Amino acid sequence: MKRRVTSSRTLRAAGSVMDVWPVENYAQYMPKGSDQERIAQHWTTVGSHLRSALSQYAFNHTAKR
């Protein structure tokens, strides 16, 4: 009996990966813009985070003196 339950779960999991007729529209989850635009946006975000971290570090470092 245990083997049958495991087989059923395995088949159900494999079937969910290969969903032939999905209920939802998955196009909304696809990335927008070209590769270059998306990479440029990531680097812009990284730069923003670095500037924020450096200013926070400078603020904390000068406050302790």
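The residues Trp21, Trp43, sorted by heavy-atom accessible surface at 1.4 Å with ligands and nucleic acids left out, run Trp21, Trp43 from largest to smallest.
Spin-label model, Thr62 to Glu37: label points 7 Å out along the Cα-to-beta-carbon direction sit 3.9 nm apart.
The values are calculated or read from the model by the stated rules, or taken from the named source; none is laboratory data. Predicted model, so just to flag it, every value in this text is computed and none were measured. As a convention, Cβ positions derive from the backbone with ideal geometry for all residues, glycine included, and neighbour counts pool all protein chains shown. Ligands, DNA and RNA are excluded from the accessible area calculation, which covers all protein heavy atoms including side chains. Shrake-Rupley method; radii C 1.70, N 1.55, O 1.52, S 1.80 Å.
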